[in-house]
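Just below is one structure, and these are the notes that go with it.
The values are calculated or read from the model by the stated rules, or taken from the named source; none is laboratory data. Since this is a predicted model, take the numbers as computed values, not measurements. Don't worry about glycine lacking a Cβ; one is built from the backbone with ideal geometry, like all the others, and counts go over all protein chains shown. In case anyone asks, the SASA skips ligands and DNA or RNA and just uses the protein heavy atoms, side chains included. Shrake-Rupley method; radii C 1.70, N 1.55, O 1.52, S 1.80 Å.
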Amino acid sequence: QVQLAESGGGSVQAGGSLSLSCVASGFTYCMGWFRQAPGEEREGVAVISTGGYSTYTYYADSVKGRFTISQDRGKNTVFLQMNSLKPEDTAIYYCAARSGGYCGALRNWAPNDWGQGTQVTVSS
């Protein structure tokens, strides 16, 4: 198991941008972000493979073309650049990682480590 330290979040107007970061304390196979809005179920946002030679990414349809996930492998850090933000992006965003085994298909990945969450609020 690894510890996750995430930072970022805040309040921004619709159309604005925000960047989140997350640092893992050790090796991970993949890392990404989930979010949960009030009254809604938790949903996966983006994920990136971190433990292999090749890098793969997967995005939820709702954020494709607007969000970009990236990594700095030397620093065990992943980033989520969020552009063209919409009010429906308002949620608590959680960094997540899988350190206990291969991730398999990224669209169905199952994290085993979670960050504390950070609030993202997008106003109209």
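State yes or no: is Gly32 farther than 20 Å from Gln1 by Cβ and either exposed (fewer than 15 other Cβ atoms within 10 Å of the Cβ) or in contact (Cβ under 8 Å) with a residue 12 or more places away in the chain (or both)? If you could, list the steps in order and put the result at the bottom.
Working: farther than 20 Å from Gln1 by Cβ: no; either exposed (fewer than 15 other Cβ atoms within 10 Å of the Cβ) or in contact (Cβ under 8 Å) with a residue 12 or more places away in the chain (or both): yes.
Judged against the criteria, Gly32 is not a match.
Inside the stretch 25-61, can you point out the residues that are under 18 Å from Gln116 (Cα atoms) and touching an Asp or Glu at 6+ places or on another chain (Cβ under 8 Å)?
Matches in the stretch 25-61: Thr28, Phe34, Arg35, Gln36, Ala37.
State whether one or more residues within the stretch 109-119 are on the phi > 0 side of the Ramachandran plot and either touching a Ser or Thr at 6+ places or on another chain (Cβ under 6 Å) or open to solvent by less than 50 Å² (accessible area, probe 1.4 Å) (or both). First the steps, then the outcome.
First pass over the stretch 109-119, keeping only residues on the phi > 0 side of the Ramachandran plot: 117.
Checking which are either touching a Ser or Thr at 6+ places or on another chain (Cβ under 6 Å) or open to solvent by less than 50 Å² (accessible area, probe 1.4 Å) (or both) leaves us with 117.
Yes, the stretch 109-119 contains at least one residue that is on the phi > 0 side of the Ramachandran plot and either touching a Ser or Thr at 6+ places or on another chain (Cβ under 6 Å) or open to solvent by less than 50 Å² (accessible area, probe 1.4 Å) (or both).
Can you give me the number of residues within the stretch 70-90 that are under 14 Å from the mean Cα position of the chain (by Cα) and buried (at least 21 other Cβ atoms within 10 Å of the Cβ)?
4
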